[in-house]
Amino acid sequence: MQVTLILTFGGFAIGAVAAVPVAALRRSRIRAARIAAVAYIETLRGVPPIAWLFLLYFGLAQVDIRLSSLTAGVLGLGLIAAAYLAEIYRAGLRAVARGQLEAGRAVGLDTLRLYRHVIGPQAVVTIVPPAAAFLIGLLKDSAVASLIGVGDVTGLAFRLTQQEFRGLAIFTAAGLIYLALSIPMAVVARWVGARLTTRLAPA
C-alpha cells in the first residue's frame, strides 16, 4: 500500500506542478508556445502509460541513464498527469468570467496578483472536482507500474499468485485494498470541493 500511495501521490504532485507552465503555454498568445503545449498534451495522452514507463525504465538505460523502477514509475505517471491536469487547469481558468479579469486590470492589479487574488481562487472551485477524480483514476492506473517491477499492490498480488496459485483470493484482496484507498479519497475530495465552493465562490 505504501508503494502504491507513493506512486499515486508522487505522480500527482509532479503533474500538479508541471501542469502549471504547460497550461500557461496552452493559453499563451504566442502561437509556437500553444503548439508546443498542445503537442505535449496530445502526445502524453495519446500513448498508453505503460509505453512511457517502459521508455523511462528500459529505454533510458540504453543511454546509461538508469532509474529505479519506482522512480521511473513516479516520473512517468507525473509526466502523464501533467498533460491531463494542464487541460483541467485550462478549463478552470476559462470558467472564470472574463469580466473578473477586466475588473482586476481596471483596479491596477498586475498579472501575478490578478491570478493570485481574483482568477485563481475562482478557478480552483472548478478545478478541484475533476482533479480529484483524476487522482482517484491515477490510483488505479498506478497498477501498470508493476510491469516494470514496482512492488505495489498489484505487483505483490501477481508475485503471490505465482507462488501460491490462489489468484482469485489474492486479487480479490488486492481489489478490496484499492477500494479501501479510493473511497476515503473520494470522500475527502467531495468535502474539500464543498468547502472551497463555500469559501471561494463569488457571491
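The values are calculated or read from the model by the stated rules, or taken from the named source; none is laboratory data. In this text, all values refer to a predicted model and were calculated from it rather than measured experimentally. Counting neighbours? That spans all protein chains shown, and the Cβs are built from the backbone with ideal geometry, glycine included.
Out of Arg45, Arg105, Arg94, which single residue is under 30 Å from Ala194 (Cα atoms) and touching a Phe, Trp or Tyr at 6+ places or on another chain (Cβ under 7 Å)? From the options Arg45, Arg105, Arg94, the qualifying one is Arg45. Every test in (1) without any contact (Cβ under 8 Å) to a residue 40 or more places away in the chain; (2) charged (D, E, K, R); (3) surrounded by 20 or more Cβ atoms within 10 Å (Cβ to Cβ) is passed by Glu164 save one, and that test is (3). Filtering the range 135-151 to residues that are surrounded by fewer than 18 Cβ atoms within 10 Å (Cβ to Cβ) and either of a type outside the set (A, V, I, L, M) or in contact with a His (Cβ under 7 Å, 6 or more places away or on another chain) (or both) leaves Gly137, Lys140, Gly149, Gly151.
In summary, Gly149 fulfils each of the numbered conditions (1) under 26 Å from Leu55 (Cα atoms); (2) modelled with pLDDT under 90 with the single exception of condition (2).
There is no residue in the range 105-122 that is in contact (Cβ under 8 Å) with a residue 40 or more places away in the chain and within 23 Å of Pro48 (Cβ to Cβ).
Taken over the range 131-167, the criterion of being more than 12 Å from Thr4 (Cα to Cα) and basic (Lys, Arg) is satisfied by Arg159, Arg166.
Pull up the range 9-59, narrow it to residues that are surrounded by fewer than 19 Cβ atoms within 10 Å (Cβ to Cβ) and of a type in the set (Lys, Arg), then point me to the one that is nearest to Ile80 (Cα to Cα). Across the range 9-59, the extreme among qualifying residues is Arg45.
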